[in-house]
Amino acid sequence: MARKNRLTAATRDEPGPDPDPTRQVRASDHEYPSRTCGQTSSAPAAVAQPDNLVLEHLRALRSDVAMTREDVREVKSRITSLEHSVAGIYSGIAELNGRHDRILSRIERIERRLELAG
């Protein structure tokens, strides 16, 4: 025996309800403008709403990038300051090494004069 399908031919051709009810709401909430390039916009305010959401996110990202940029500038200036400090330390060490070498040469000369060197 052949099984009968519950749907008749007439109901099979008709689209059924969308299984995602939010899709119906989203599609009905927005009217997309049907205009060509160069025409002025007469779109309702509901169309601008998703754009505003995107713009909000873009503005938040832009402010975050600006704050990050400022932080990077501050870090760069602090690193430059540290580099100058380290350079100063190295020049101080070099100066001390020069003094140390001069003192050693003077001590050697004194030892030679006094004939203390063996």
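Given the options 41, 28, name the one that is at pLDDT below 95, assigned to a helix (DSSP H, G or I) and of a type in the set (Gly, Ala, Ser). Quick ask: steps written out before the conclusion?
On the way: 41 fails: assigned to a helix (DSSP H, G or I).
The conditions single out 28.
Kindly provide the set of residues from segment 106-118 that are loosely packed, with under 10 Cβ neighbours inside 10 Å and part of a helix (DSSP H, G or I), ordered by number.
Once the filter is applied, which keeps residues that are loosely packed, with under 10 Cβ neighbours inside 10 Å and part of a helix (DSSP H, G or I), segment 106-118 yields only 113.
The values are calculated or read from the model by the stated rules, or taken from the named source; none is laboratory data. All figures in this text were calculated on a predicted structure; none of them were measured in a lab. Virtual Cβ from ideal backbone geometry, glycine too; neighbours counted across all protein chains shown.
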